[in-house]
Amino acid sequence: MVSSTVIRRRHERSSRKGSPWLQLFVAAVALLGVSAAVLVAAGVAVLLGVYSYFAKDLPAPEQIEEMTLTSFETTKIYDRTGQHLLWEVIDPQQGDRTIVPLSDIPVSMRNATIALEDRTFYTNPGGINVEGLLRALWNNLRGEQIQGGSSITAQLVRNVAMDPEERFAISYERKIKEAILSIELTRRYPGLEGRDRILEWYLNTVPYGKNAVGVEAAAKLYFGKHAKDLTLAEAAMLAAIPQYPAMNPIDNPDAAKQRQALALQAMVNERYITQAEAEAAKAAPLGQPKAPESLKIEAPHFVMYLLQVLEERYGHRAVYGGGLRVISTLDYDLQKEAEAIVKKNISGWGQEYQARNAAAVVIRPNTGEILAMVGSVDFEDKSIDGQVNMATSPRQPGSSFKPYTYAAAFEQGYAPATVVYDVRTAFPIEGAAPYEPENFDMKFHGPMMLRQALACSYNIPAVWLLDRIGIDSAVEMAHRMGITTLRDEQFGLALTLGAGKVTLLDHTYAYSVFANGGVMAGTPVPDSRRQPGFRELDPVSILKVTDGRGQVLDEFLGPTYREVISPQVAYLITNILSDNRARIPAYGYGNPLELTRPAAAKTGTTNSYVDAWTMGYNPQLAVGVWMGNSDYTPMTSMWGGRGAAPIWHDIMEYGLKDLPKVDFAEPPGIKWVTVDADSGLLPGPSTQRTVREPFIEGREPKARDNLHKEFAICKESGKLATPYCPADQVETKVFPVYPTAVTEWLRSNNQPQPPTEYCDVHGPNLRASDASITAPRILQSVKGVVQITGNARIPGFREYQLEYGEGLQPAQWFPIGGTHGNAVDNGVLENWDTSSLQQGLYTLRLTVRGSGDRQVSIPVTVDSEKPRITIVNPEDRQTYVKELDDYALIQVEAQDNMAMDRVEFFVDGQSVGESRLAPFSLTWTLTMSDSQRAPIPPVPQFSGELRGEENGQPSVWKRTVQGTTTIYTHEVGQHTEGSDDPDAGISRTTIIFDQNGKTVVTPSGWGSYYGKDEDGQDIYREVHSIYAVAYDAAGNKTKSDPVIIYVEHRRPKKPASTAGQ
């Protein structure tokens, strides 16, 4: 029966079938349906299996609340012995985290967090940010770095339910666990109330940087208030911190402000606030940071530096809650002694020196280990910004940068024996006045070897050297040796004098390369920070790290080495910097750079005594010292050799006291050569002195001395001998013959130079000749009425005649005066008036008639055009501070159509010096009288000009308006007839009224300024007038327009505001 029924049903189905193709299609569909069902069932089974596999070891959702309140193990940092606890990283459960209910967290804080972290927080399925996960999955499938996409729920799970190793692991397994527990958590705490609880837990466990965990701790730390009192502006700023904890309003206020703007815009996008509310919040004031509580912390700046290193390696959460035990490289005893030395030296300077802070770093050269780091005099002293680590804060290094320039030069073939000229030198700057560096002592020291130039830290040779090798070469050398700054700035030649900024830590690390023979020792720079051209190693600060279970995470088993400069270049630098004798001219005997054992050292000082440095080393220690004020307040007369050097000396002596005395080893490839002491070349036949100097083998000099030359001198005349000088009156002298650029220095320092004129005592000469013109000289420039002297006394004398013509071979001659019948013996022949002649070359001709006629001629240049002169520095009404500015550099542009002779400089009407070499300049030492002031005279009321008479002399008042400045001039007297000086005979007083004060300049050029500063406090400045007079070779002269400068005493510094710190 059953069988027949089945057959019947089959028959019925068969009778309903259409074509065979339709039957095939129906079968295929049926098969696909069955397959899909099987696949879905299998997928569900797999998912259930995966879910079960990962879920079995996860905590129950109800445990999350307990975990948010569970404390975690703190990280401990020790010195290198492991015996001295430097700091226990604060447990967020004890003081830096306070649990608050969601009701005490402003809605604006919640919304800002959701807008930034998880826009779908209240609606996403199972607490999973689907959009973020899909985006991350897509990037990962394309081969990009595994990245986030975590929801707030997932972040909470990760923060409280996973151990540090897994928490910071980048893996799919961790993501799966997060997702599973997120689903379980949202299932256990469903609905709006459940999501509120999850958000409350998250806001109480998320880190906000600087040891603040949870919104309550963050609100107190950054704004000094409870979370419930946060404004919209403050909430937006806090919400942006967890993603980038370093961008907080204390460490990086500018970045925090930018992040705040991003958070506010995210809230606008999610319609939590309006655009107007966002703009108002951006401009709203913020609460003040909470005053940090006093903490027991040893070597605080080193510890803070070490925390950054640890965070870079292990992440923030591992450092602040992973229970790490860190053995650092710090030598505890050396650290404490360095702190004491720094504090003692700073306290030894009186308040008048304004030297309130210093920092020091000690590194072991052959391992790169940081043995000590003193970041300030007192970590707790707010008045000096004591918590700012001056060991890692970029500052200008002054002349302590010079060894990088010299090292780059030695690589290019220069040597310690290379001769340079420490003379006034102008380096062209396109579109600006030439750069004229000055030495620290405001003197020039003439020709010298690079050894003396570097040892004595003379500036002009260093700038000259940088100009020769190229600025990029010095920057590249600094980067190679360990300097991580000097990146995007445009540097000029002042770079070699320390115009760029470096950190003391980098600087000391770079000097340790010199100490280690050109080899850098350290630990590899992480890939994330490695850049081409920069150092590949970092100084070592960690010896060992273990986790909370005692497992070793990292251990320093020895340094990695990189040879960054050749041992020979390093040796040449060291040989100079350790040469105590070479630096005596600048530092004197018994200076603090000398130790009881061999050591190399270099000082540095920046403009206005803002920074003072001493860097130095021996093979066992490298020590760097900075001294100054963290707020850039200038010190008073505090240079590197005076302030920083004693600190460096004492730290070096203490650090080396228990170590054997060692000297710097000379590497292979160095060759010592005896050279001429003045030219640096091999001794020649006229060499006067020799010295032995080191060279990189193969680069020693091949040429012989050609600086010294022999000259035959007539004893009687002191001039160059001629064949007519008797043999017993001729002596041979040797003189160094220097380039023209050195001439002015040689003359001003009374250095012997060979004569340029030939003997006119013996044999025929112009003065002895019967027919001659002795003045003017051949090709001399003349102007106005020219007195012509000479001889007209031939045998049988009858008469003489003077004539002139244009050019060297005149086509026409013109008489000068008439025919003279009187003989002349070395006297005046005639006066020649050239005032009506065009400028150019002329020939003078003397014809003398007698027993036999004689005729002589000489070419001369007529030049009646005055030179042009302008003062380019200082600027008019420039202000100097007496305690900070030692001098004013007066620079002029002076040109002549023919030839310049000199420029004379005047201050307050008195000549203060001259310059004969272009570009013409002079350094004037600033003065200021504390006992004399010029009163402001009464000014009459008038318009235009007011003329009258005073003491029988004509007088005139003039008024000029320039913007907001009104200038009155009062002139008494009249111009002296015939004088080239337009002010001759006139007594002039100038009174200047501007919006800030009043200035009076007396007829002498000296004066006074009375005004007020921005706070309404009275200011007094002394006024000095500067002008210059240019003379050309013909004697024409031009007086420049004057400029006035102000000189004032240093004013007390206002107390700095602490807002926003």
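The values are calculated or read from the model by the stated rules, or taken from the named source; none is laboratory data. Please read all numbers here as calculations on a predicted model, not as lab measurements. When we count neighbours, we look across all protein chains shown, and the Cβ atoms used for this are built from the backbone with ideal geometry, even at glycine.
Checking each residue in the stretch 930-963 for being within 18 Å of ASP994 (Cβ to Cβ), of a type in the set (S, T, N, Q) and out of contact with any Phe, Trp or Tyr (no Cβ under 9 Å at 6 or more places or on another chain) picks out only GLN962. Only residues that are assigned to a loop (DSSP other than H, G, I, E, B) and over 60 Å from the mean Cα position of the chain (by Cα) were counted across the stretch 751-806, and they come to 16.
Restricting attention to the stretch 344-393 and to residues that are modelled with pLDDT of 95 or more, in a loop (DSSP other than H, G, I, E, B) and over 26 Å from the mean Cα position of the chain (by Cα), the residue that is surrounded by the most Cβ atoms within 10 Å (Cβ to Cβ) turns out to be THR367.
Just one of the listed residues (ALA601, ALA612, ALA622) is more than 27 Å from LYS671 (Cα to Cα) and small (Gly, Ala, Ser), and it is ALA612.
Only residues that are in contact with a helix residue (DSSP H, G or I) (Cβ under 9 Å, 6 or more places away or on another chain) and either under 30 Å from LYS336 (Cβ atoms) or crowded, with 17+ Cβ neighbours inside 10 Å (or both) were counted in the stretch 673-709, giving 5.
Conditions tested, residue by residue: (1) assigned by TED's automatic domain parsing to the domain that holds ILE152; (2) under 23 Å from ASN111 (Cα atoms); (3) β-branched (Val, Ile, Thr).
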| residue | (1), (2), (3) |
| --- | --- |
| ILE241 | yes, yes, yes |
| ALA246 | yes, yes, no |
| GLN258 | yes, yes, no |
| ALA263 | yes, yes, no |
| ASN269 | yes, yes, no |
| THR274 | yes, yes, yes |
| ALA284 | yes, yes, no |
| TYR305 | no, no, no |
| VAL309 | no, no, yes |
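Determine whether the stretch 234-251 contains at least one residue that is surrounded by fewer than 21 Cβ atoms within 10 Å (Cβ to Cβ), modelled with pLDDT of 85 or more and part of a helix (DSSP H, G or I). Checked against the condition, which is being surrounded by fewer than 21 Cβ atoms within 10 Å (Cβ to Cβ), modelled with pLDDT of 85 or more and part of a helix (DSSP H, G or I), the stretch 234-251 yields no hits at all.
For TYR414, are the conditions met, namely being crowded, with 21+ Cβ neighbours inside 10 Å and assigned by TED's automatic domain parsing to the domain that holds PRO532? For TYR414, the condition - crowded, with 21+ Cβ neighbours inside 10 Å and assigned by TED's automatic domain parsing to the domain that holds PRO532 - is not met. All of GLY680, GLY641, GLY669, GLY604 fail the test of being on the phi > 0 side of the Ramachandran plot, touching a residue at least 24 places away in the same chain (Cβ under 8 Å) and in contact with a strand residue (DSSP E or B) (Cβ under 6 Å, 6 or more places away or on another chain), apart from GLY680. When we screen ALA677, ALA727, ALA712 for residues that are closer than 30 Å to ARG424 by Cα and out of contact with any Cys (no Cβ under 6 Å at 6 or more places or on another chain), the only hit is ALA677. Meeting the requirement of 2 or more residues that are within 27 Å of GLN891 (Cα to Cα) and out of contact with any Asp or Glu (no Cβ under 7 Å at 6 or more places or on another chain), the strands (runs of 3 or more DSSP E) wholly within the stretch 968-1041 are 986-993, 997-1001, 1007-1012, 1018-1032. Considering every residue within the stretch 733-749, establish whether at least one is more than 23 Å from ASP705 (Cα to Cα), without any contact (Cβ under 8 Å) to a residue 60 or more places away in the chain and touching a strand residue (DSSP E or B) at 6+ places or on another chain (Cβ under 6 Å). Checked the stretch 733-749: no residue is more than 23 Å from ASP705 (Cα to Cα), without any contact (Cβ under 8 Å) to a residue 60 or more places away in the chain and touching a strand residue (DSSP E or B) at 6+ places or on another chain (Cβ under 6 Å).
Residues checked against (1) surrounded by fewer than 23 Cβ atoms within 10 Å (Cβ to Cβ); (2) touching a Pro at 6+ places or on another chain (Cβ under 9 Å); (3) assigned to a strand (DSSP E or B):
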| site | (1), (2), (3) |
| --- | --- |
| ASN575 | yes, yes, no |
| ASN580 | yes, no, no |
| GLY616 | no, no, yes |
| GLN620 | yes, yes, no |
| MET627 | no, no, yes |
| ASP631 | yes, no, no |
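Selection of the stretch 881-891 for residues being over 13 Å from THR923 (Cβ atoms) and either part of a strand (DSSP E or B) or assigned by TED's automatic domain parsing to the domain that holds LEU779 (or both) yields only VAL881.
Quick test for you: out of ILE647, ILE670, pick the one residue that is of a type in the set (A, V, I, L, M, F, W, C), surrounded by 14 or more Cβ atoms within 10 Å (Cβ to Cβ), in the same structural domain as PRO585 (by TED's automatic domain parsing) and modelled with pLDDT of 95 or more. Give the steps one after another, and end with the answer.
Numbers: ILE670 fails: in the same structural domain as PRO585 (by TED's automatic domain parsing).
Step by step, each of ILE647, ILE670 is checked, and only ILE647 is of a type in the set (A, V, I, L, M, F, W, C), surrounded by 14 or more Cβ atoms within 10 Å (Cβ to Cβ), in the same structural domain as PRO585 (by TED's automatic domain parsing) and modelled with pLDDT of 95 or more.
Within the set GLY588, GLY641, GLY624, the sole residue that is more than 25 Å from the chain's Cα centre (by Cα) and of a type in the set (Gly, Ala, Ser) turns out to be GLY588. Once the stretch 446-493 is narrowed to residues that are touching a Phe, Trp or Tyr at 6+ places or on another chain (Cβ under 9 Å), free of Cβ contacts under 8 Å to residues at least 60 places away in the same chain and of a type in the set (A, V, I, L, M), the residue that is surrounded by the most Cβ atoms within 10 Å (Cβ to Cβ) is ALA453.
Name the residues in the stretch 638-680 that are among the small types (Gly, Ala, Ser) and closer than 27 Å to VAL569 by Cα, would you?
Answer for the stretch 638-680, where residues must be among the small types (Gly, Ala, Ser) and closer than 27 Å to VAL569 by Cα: GLY640, GLY641, ALA644, ALA645, GLY655, ALA665, GLY669, ALA677, SER679, GLY680.
None of TYR724, TYR738 is farther than 30 Å from GLU666 by Cα, over 47 Å from the mean Cα position of the chain (by Cα) and of a type in the set (Phe, Trp, Tyr) except TYR724. Residue pairs whose Cβ atoms lie under 8 Å apart, separated by 6 or more positions or on different chains, with the first residue in the stretch 350-368 and in the same structural domain as TYR609 (by TED's automatic domain parsing) and the second aromatic (Phe, Trp, Tyr), are ALA355/TRP349; ALA358/TRP626; ALA359/TRP626; ALA360/TRP626; ALA360/TRP648; ILE363/TYR509; PRO365/TYR617; GLY368/TYR509. Please list, ordered by first then second residue, the pairs with beta carbon atoms under 6 Å, 6 or more apart or interchain, first in the stretch 103-127 and on the phi < 0 side of the Ramachandran plot, second among the basic types (Lys, Arg). As it stands, the answer is ASP104/LYS228; TYR122/ARG195, since those pairs meet every condition given. Of the helices (runs of 4 or more DSSP H) that lie entirely inside the stretch 426-485, those containing 2 or more residues that are small (Gly, Ala, Ser) and touching a helix residue (DSSP H, G or I) at 6+ places or on another chain (Cβ under 8 Å) span 450-455, 471-481. The test for being under 29 Å from VAL215 (Cβ atoms), over 27 Å from the mean Cα position of the chain (by Cα), free of Cβ contacts under 8 Å to residues at least 60 places away in the same chain and surrounded by 14 or more Cβ atoms within 10 Å (Cβ to Cβ) does not hold for GLU270. Checking each residue in the stretch 274-333 for being in contact with a Lys or Arg (Cβ under 7 Å, 6 or more places away or on another chain) and assigned to a helix (DSSP H, G or I) picks out only ARG317.
Taking the criterion of being part of a helix (DSSP H, G or I) and over 30 Å from ALA570 (Cβ atoms), would at least one residue in the stretch 728-736 satisfy it? Checking the stretch 728-736: at least one residue is part of a helix (DSSP H, G or I) and over 30 Å from ALA570 (Cβ atoms). Among residues of the stretch 507-540 being of a type in the set (Asp, Glu) and either part of a loop (DSSP other than H, G, I, E, B) or out of contact with any strand residue (DSSP E or B) (no Cβ under 9 Å at 6 or more places or on another chain) (or both), the one that is surrounded by the most Cβ atoms within 10 Å (Cβ to Cβ) is GLU536.
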